[in-house]
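The values are calculated or read from the model by the stated rules, or taken from the named source; none is laboratory data. Owing to the predicted nature of the structure, the values given are computational and were not obtained by experimental measurement. Note: ideal-geometry Cβ built from the backbone for every residue, glycine included; neighbour counts use all protein chains shown.
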Amino acid sequence: MSSKARIVVASVIFIGILFGAVYPTRTYFAQQRDLKAAEHRLELFREQNGRLEAEAKRLESDEEIERIARARFNLVKPGEEAYAIVPVPPKPGGPGAAPAPPAPAPTAEGSNRPHGVLNWVVGTLQRVF
């Protein structure tokens, strides 16, 4: 075999070894990275599961059920009276009342088109600001 043929064969073998080593190495590192991410998620799920189990145990007590029933559903025990404080509706024109609609811009019968557009723009800006 000539020296050129040996170099070509050696190069092909070297490239084959390179491809054979690079792909599995990249796959191995990607799998290790995915494994660490999965372990991190598993740890987070375990912490969340612990918190939820503690919450479930707390919700099984009669005192907690009563507290939630009173707070969320305004339930009372027999013999107790429930009161609801309702806000007074605002007076018309007073603070907190809905603003009155703006007065329409006066229009002249003989006005031309640019003034009509200008009045519309001015009216729109007054409503916004």
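Just a yes or no: is a residue in the range 64-84 at pLDDT 85 or above, in a helix (DSSP H, G or I) and of a type in the set (Asp, Glu)? Full working, then the answer.
Applying the first criterion (at pLDDT 85 or above) to the range 64-84 yields 64-73, 75-81.
Those left that are additionally in a helix (DSSP H, G or I): 64-73.
Then keep just the ones that are of a type in the set (Asp, Glu); that gives 64, 66.
Yes, the conditions are met somewhere in the range 64-84.
Restricting the first residue to the range 22-43 and requiring it to be at pLDDT below 95, which pairs with a second residue that is surrounded by 10 or more Cβ atoms within 10 Å (Cβ to Cβ) meet a Cβ separation below 9 Å and a spacing of at least six or different chains?
Going by the 9 Å Cβ cut-off, there are no qualifying pairs.
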